[in-house]
Amino acid sequence: MFKNSPLPMRALAGLVGLNAAIVVTLAPALAADSVKVLVTIKPIHALVAQVMGDTGTPELLVGGTASPHTYVMKPSDAKKLSSANIVFRVSGTIDAFIDKATASLPNTTDVVALALAPGVTTLPQRAGGPFEPDHHDSHAHGLHEQADDHDHDHGAMDGHVWLDPANAQAMLDLIAAKLAVRWPERAALYRSNADAAKSRIDQLTTDITTELAPVSSRPYVVFHDAYQYFEKRFGLVVAGSITVNPEIPPSGQRLAKLREKINKLGATCVFGEPNFDAKVIATVIEGSAARGGTLDPEGASLPPGPGLYENLMRNLAAGIKGCLAPS
Ligand SMILES: [Zn+2]
């Protein structure tokens, strides 16, 4: 019945079994100069886009309002990964969802962990005391409702490294260097794009430092402990974190404990995130002296592109200031 087929059955079966990397390599639609730079999440995608400038657009894995902490790879993501020449990621603690797929990539694919870039300062995840364990490395949110002293994350790196602008500058250097290895003829352009981006970040840092100076002593509480890089750089006082499963409203007993904690820490504000149900935040702060606010450390609510990094940082500063010192 396959008499018209140019290939015998066995060869067909073999073709079907070829891995995605080879199939993509054979696809004729890929132009020689097509974009083959893939970035895992929006904040670092913006940095890569600034370095690439007019030479191309990096592809983004976690788009839309998705959170990297709960992201699950789709089959189309595996295809994007296997067709990329360079993959820029943060580190295993933020974009661990690509670990399995990157392990099977050919060694011609450069996978660059930007958190490990020379000059990047990393910090261990906070836990204990006023800091409740984060949901980052676990989908078992419900467990944290009871397990306040659970410390499985202790010692792991806090992956939100881009929130220190000095780290973003160090990452820009590595991005330019890695792109230059792949496309040496564009090395000077990548270098000058990175330098221009670093200058903009200098200005950004100056602006945010000025903006936040008046509120630096006012304590606040966060639902997602993403901000220690930002706080250390800009001298803010985070009093602690609280963990609430956004999908399961906290029990009355848990709510009472959370309010007690917010009051004890003297928090002026309690910050949630765009993915977080505002009603849950409102319920938690009800009856406490704190106001509620929203911060977006991963750019979930922002359109991706070269301008996202600066928007993200300025929005954080404005969100923090707006809640701590409402005008
Ligand atoms: Zn996060």
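Taken together, the values in this text are just the output of simple stated rules run on the coordinates, not laboratory data. The structure displayed is predicted, hence computed values, not measured ones. Ideal geometry is used to build each Cβ from the backbone, glycine not excepted, and the neighbour counts take in all protein chains shown.
Packing order of peptides 218-230, 52-64, 199-211, highest average first: 218-230, 52-64, 199-211 (average count of other Cβ atoms within 10 Å over each peptide's residues). The string of couplings for region 278-291 from the Karplus curve (6.51, -1.76, 1.60, θ = phi - 60°) is 4, 5, 5, 4, 4, 5, 5, 8, 3, x, 9, 7, 7, 8 Hz, one whole number per residue in order, with x for Gly and Pro. Note on Ser217/Ala188: beta-carbon distance plugged into 1/(1 + (r/R0)^6) with R0 of 35 Å gives a FRET efficiency of 0.15. Scanning residues 5 or more positions from Ser216 or on other chains, none has an amide H under 5 Å from its amide H, with H placed 1.01 Å from N in the peptide plane. Taking the number of Cβ atoms within 10 Å of each Cβ as an exposure proxy, the fewest-first ranking of Leu47, Leu105 is Leu105, Leu47. Amide H to amide H, with H built 1.01 Å from N, Met157 comes under 5 Å of Gln125, counting only residues 5 or more places away or on other chains. Assign one of three labels to region 223-297, namely rounded, prolate or oblate, based on the Cα gyration tensor with a ≥ b ≥ c the square roots of its eigenvalues; rounded applies when a/c is under 1.5, prolate when it is not and a/b is larger than b/c, and oblate otherwise. Since a/c reaches 1.5 but b/c is at least a/b, the shape of region 223-297 is classed as oblate. With θ taken as phi - 60° and the Karplus curve 6.51 cos²θ - 1.76 cosθ + 1.60 applied, the whole-hertz 3J(HN,Hα) list for region 258-274 is 5, 5, 4, 5, 4, 5, 4, 7, x, 5, 7, 9, 10, 9, x, 9, x Hz, x standing for glycine and proline. Quick check: from the Cα gyration tensor, does region 278-323 come out rounded (a/c under 1.5), prolate or oblate? Since a/c reaches 1.5 but b/c is at least a/b, the shape of region 278-323 is classed as oblate.
Calculated FRET efficiency, Val181 to Leu116, Cβ-Cβ distance, R0 = 22 Å: about 0.85 to the nearest 0.05. Pairs over the 21 Å Cα-Cα cut-off, from the set Lys178/Lys198; Lys36/Lys74; Lys257/Lys321; Lys36/Lys79; Lys42/Lys80; Lys232/Lys279: Lys257/Lys321; Lys232/Lys279.
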